[in-house]
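Novice: Got a structure for you, written out below as structure tokens; questions coming shortly.
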Amino acid sequence: MPVVVRLEGTNVDRARQVLSDARAQLPTLIAATDLASPGFVTAHQLSTTLLYAALFVPGFLSAFNISQAIAGMSEKALIVLPMVLLIIAREIDLSVASMLALTSVILGLLTRAELPLAASIPLVLASGALAGAFNGALVTRLGLPSLVVTLGTMALFRGIGYILLGPDSVNVFPDALTDFGIDNVGDSFVPWTIVPFVVLAPIFALGLQHTAIGRRIYAIGGNPDTALYSGIRLRRIRFWLGLDEGYAARKPLPGDLRTHEEA
């Protein structure tokens with residue numbers, strides 16, 4: 001049976017005072033916790049570093065330097081989009097860099113074979129999706145941990161790239177591909193290579209937050225067993241998340257084409 005405690009007289013006043021003091025100290029405690037959090041410390045260090053560079057490093061805020069910085073992270077930003085979905089679903093993919101190297105090698109070989117760019121890009125996209133599907137099949141069909149699977153395929157995909165390219169390198173590409181990789185949007189300092197991310201990021205955000213598949217991904221990450229008994233097809237969703245990661249890692253951009261030394 002529930003226990004009822006009656007407070008009378010001074011006990012009531014004392015309890016009210018304790019509650020009042022607790023409410024007054026709560027914002028201070030929350031602020032202290034936020035200030036000590038790793039996220040706040042990292043943000044503080046990053047902002048301090050950027051402020052120092054902006055004030056004391058010549059040319060740091062120049063249009064050329066900003067453009068180069070954006071171009072340097074564009075392929076990583078694009079790969080992050082499906083990686084977020086994988087992490088939310090309690091999965092991981094360690095092989096994305098090797099997939100990027102392999103698909104870059106494939107694009108270089110197709111270019112060297114003088115295959116038109118309009119035909120090369122779909123083949124490169126398909127090869128990246130195939131590599132992601134291979135990871136997804138191993139995880140969903142064989143029940144292997146994604147960490148172990150992608151650790152192995154990381155070496156596998158990179159090794160295939162070495163075999164395909166051999167001791168050679170590819171450094172001549174169609175002008176259209178080269179221009180896309182090095183030119184900016186109009187007269188701005190924004191490189192074209194970041195445009196795919198700018199277009200896809202809101203789509204991923206909307207899909208994750210406002211669609212049924214997004215809610216299913218969150219449910220899988222929250223509790224896979226509960227999601228399974230709720231009728232969510234875990235294997236299918238995890239498979240397609242792996243394929244999506246492979247598709248994003250294809251990156252047929254000249255800035256990402258790997259030579260034999262980089263593959």
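The values are calculated or read from the model by the stated rules, or taken from the named source; none is laboratory data. These numbers come from a predicted model, not from an experiment. Neighbour counts run over all protein chains shown; Cβ positions are idealised from the backbone, glycine included.
Novice: Is there any pair linking a residue in region 120-133 that is free of Cβ contacts under 8 Å to residues at least 12 places away in the same chain to one that is surrounded by fewer than 22 Cβ atoms within 10 Å (Cβ to Cβ) and acidic (Asp, Glu), with Cβ under 7 Å and at least six apart or on different chains, and which?
Specialist: none
A quick yes/no check of all residues on (1) β-branched (Val, Ile, Thr); (2) in contact with a Pro (Cβ under 8 Å, 6 or more places away or on another chain):
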| site | (1), (2) |
| --- | --- |
| Leu164 | no, no |
| Asp183 | no, yes |
| Thr193 | yes, no |
| Phe197 | no, no |
| Ile203 | yes, no |
| Gly214 | no, no |
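Novice: Which one of the conditions (1) loosely packed, with under 14 Cβ neighbours inside 10 Å; (2) in a helix (DSSP H, G or I) does Met154 fail to meet, given that it meets all the rest?
Specialist: For Met154, the failing item is (1).
Novice: Tell me the residue from Leu130, Leu144, Leu125, Leu138 that is under 25 Å from the mean Cα position of the chain (by Cα) and not in a helix (DSSP H, G or I), please.
Specialist: Answer to the check: Leu144.
Novice: Can I ask one more? Out of curiosity, is Val105 assigned to a helix (DSSP H, G or I), over 30 Å from Asn65 (Cα atoms) and either touching a residue at least 12 places away in the same chain (Cβ under 8 Å) or in contact with a helix residue (DSSP H, G or I) (Cβ under 6 Å, 6 or more places away or on another chain) (or both)?
Specialist: Taking the combined requirement at face value, the residue does not satisfy it.
Novice: Which members of region 87-98 meet the condition of being within 30 Å of Asn223 (Cβ to Cβ) and crowded, with 22+ Cβ neighbours inside 10 Å?
Specialist: Ala89, Glu91, Asp93, Ser95, Val96
Novice: Could we say that Val148 is within 28 Å of Ile237 (Cβ to Cβ), modelled with pLDDT of 90 or more and in the same structural domain as Arg238 (by TED's automatic domain parsing) here?
Specialist: yes
Novice: Scan (1) out of contact with any Ser or Thr (no Cβ under 6 Å at 6 or more places or on another chain); (2) surrounded by 12 or more Cβ atoms within 10 Å (Cβ to Cβ) for the single condition Pro202 breaks and write down its number.
Specialist: So Pro202 meets the others, but not (2).
Novice: Looking only at residues in region 161-186 that are in contact with a Ser or Thr (Cβ under 9 Å, 6 or more places away or on another chain) and assigned to a helix (DSSP H, G or I), which one is modelled with the highest pLDDT?
Specialist: Checked region 161-186; the qualifying residue modelled with the highest pLDDT is Gly161.
Novice: Another question about this same structure. Which one of these is over 16 Å from the mean Cα position of the chain (by Cα) and modelled with pLDDT of 85 or more: Ala212, Ala263?
Specialist: Ala212
Novice: Still on this structure: Read through the list (1) over 9 Å from the mean Cα position of the chain (by Cα); (2) surrounded by fewer than 22 Cβ atoms within 10 Å (Cβ to Cβ); (3) on the phi < 0 side of the Ramachandran plot, then give the number of the only condition that Glu114 fails.
Specialist: Of the numbered conditions (1) over 9 Å from the mean Cα position of the chain (by Cα); (2) surrounded by fewer than 22 Cβ atoms within 10 Å (Cβ to Cβ); (3) on the phi < 0 side of the Ramachandran plot, the odd one out for Glu114 is (3).
Novice: Does Ala176 satisfy being more than 24 Å from the chain's Cα centre (by Cα), surrounded by fewer than 17 Cβ atoms within 10 Å (Cβ to Cβ) and either under 23 Å from Ala69 (Cα atoms) or among the β-branched types (Val, Ile, Thr) (or both)?
Specialist: Considered against the rule, which asks whether it is more than 24 Å from the chain's Cα centre (by Cα), surrounded by fewer than 17 Cβ atoms within 10 Å (Cβ to Cβ) and either under 23 Å from Ala69 (Cα atoms) or among the β-branched types (Val, Ile, Thr) (or both), Ala176 comes out as yes.
Novice: If you scan region 187-212, which residues turn out to be assigned to a helix (DSSP H, G or I), in contact (Cβ under 8 Å) with a residue 24 or more places away in the chain and either aliphatic (A, V, I, L, M) or in contact with a strand residue (DSSP E or B) (Cβ under 7 Å, 6 or more places away or on another chain) (or both)?
Specialist: Once the filter is applied, which keeps residues that are assigned to a helix (DSSP H, G or I), in contact (Cβ under 8 Å) with a residue 24 or more places away in the chain and either aliphatic (A, V, I, L, M) or in contact with a strand residue (DSSP E or B) (Cβ under 7 Å, 6 or more places away or on another chain) (or both), region 187-212 yields Ile194, Leu200, Ala201, Leu208.
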